């Protein structure tokens, strides 16, 4: 009865039409251990196959203007969860919530389980775009509501590799960049690429299916679910994928990712927003060969550009003909995100490692959905400086994976080698194979 009452309150509050939402080494903030204060007693994980979803729900301007978060909470409440499945939610980051439950002056933590929705903790408001806030939530959820299998999901705007996700409306739209995310996760689940602690990380946001995001989370999660393109306002269908999890708590991270992607497409079809969507499930345990191929791909491009500056014109033509996301024109603004697989196909005639990128990408993308106008999407995007903005590129330097493309873009944007570029270039050995192909290898001391 309580769950039905809460669902009614949330449904009554919805009054807006939905619209479209808009470096591991770089640890910059020291997270603090939370003080011992009033909190639920630590829970024992249900033996066997128990699941917990830790949902970082930053309302931003999407909730005050369009009630997007309230809509997804309502969808969640439609699902009757079994005893071994729970959702732990932190709400904040919005000046107004379009329901009677969430308090915009507080950071609130909620538990949704077989007994319904319960407020289990609240704090004074703090910046959801700060590493400390993310860490505090993950620490709280992990300590009090553990499970055999855990997924962490982010809800909000997403800005790709450079800008990250979780833009807090109350704190100047500050967001979590990839270095901050890595730091918060690593403080709780120490990075272990060989044996990641968690099943899945998901972004119900725009633009976060990037090779850089995947590189950050391969140390913590087995699977990544995210979109290369902007997501429409309806976002994920929470009543769909949570129902599938409730019906089969024995599923693993790949099954859950496929459920999220499949029901997302179905939900978009139901409201007519499917034509431009993307969503992919990446097996992060198979990511390393892709990262190696991506670095060789960049090395070959860097060597070619250093030998002949005319290479940048060829690369630019290939990038302009490749599928890109979020708008990359003067009128639209620039996100500087291009589909990695499509770019590799467009440059395969001049960069031999492009085929390695394509092969490795096919190995680690488990599942993907896409609209008719995003038919070239291969599952992950990468950074390309469409606008030539040096400040945006400086942001990419701090969070992007690998070195080769950073050296390449630095040379293209400034006309000069960046610090260390001489040594990096000198370590590259180029040789011609019997079939006439040119190969580049970089040897490290």
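Read the figures in this text as sums done on the coordinates, not as results from a lab. Keep in mind that this is a model prediction, so the values were computed, not measured. Backbone-built Cβ (ideal geometry, glycine too); neighbour counts: all protein chains shown.
Laid out as a table, the results:
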item: Added length on full extension, which subtracts the Cα-Cα distance from 0.36 nm per residue, residue 148 to residue 363; result: 74.7 nm
item: Sites residue 416 and residue 139, calculated FRET efficiency, Cβ-Cβ separation with R0 51 Å, nearest 0.05; result: 0.70
item: Fewest-first sequence of 128, 102 by Cβ atoms within 10 Å of each Cβ; result: 102, 128
item: Taking 227, 288, 381 and counting other C-beta atoms within 10 Å, the order from fewest to most; result: 288, 227, 381
item: Least to most buried among 317, 330, 345, 109 (fewest other Cβ within 10 Å first); result: 330, 317, 345, 109
item: Residue 389 paired with residue 375, simple spin-label distance in nm, labels 7 Å along Cα-to-beta-carbon; result: 3.2 nm
item: Protection proxy ranking, peptides 241-254, 415-428, 66-79, average beta carbon neighbours within 10 Å, highest first; result: 66-79, 241-254, 415-428
item: Label-point separation in nm, residue 83 to residue 100, each point 7 Å along Cα→Cβ; result: 3.2 nm
item: Convex hull volume per residue in cubic angstrom - Cα atoms of the chain; result: 144 Å³
item: Distance between modelled label sites at residue 266 and residue 348, nm, 7 Å Cα→Cβ extension; result: 3.4 nm
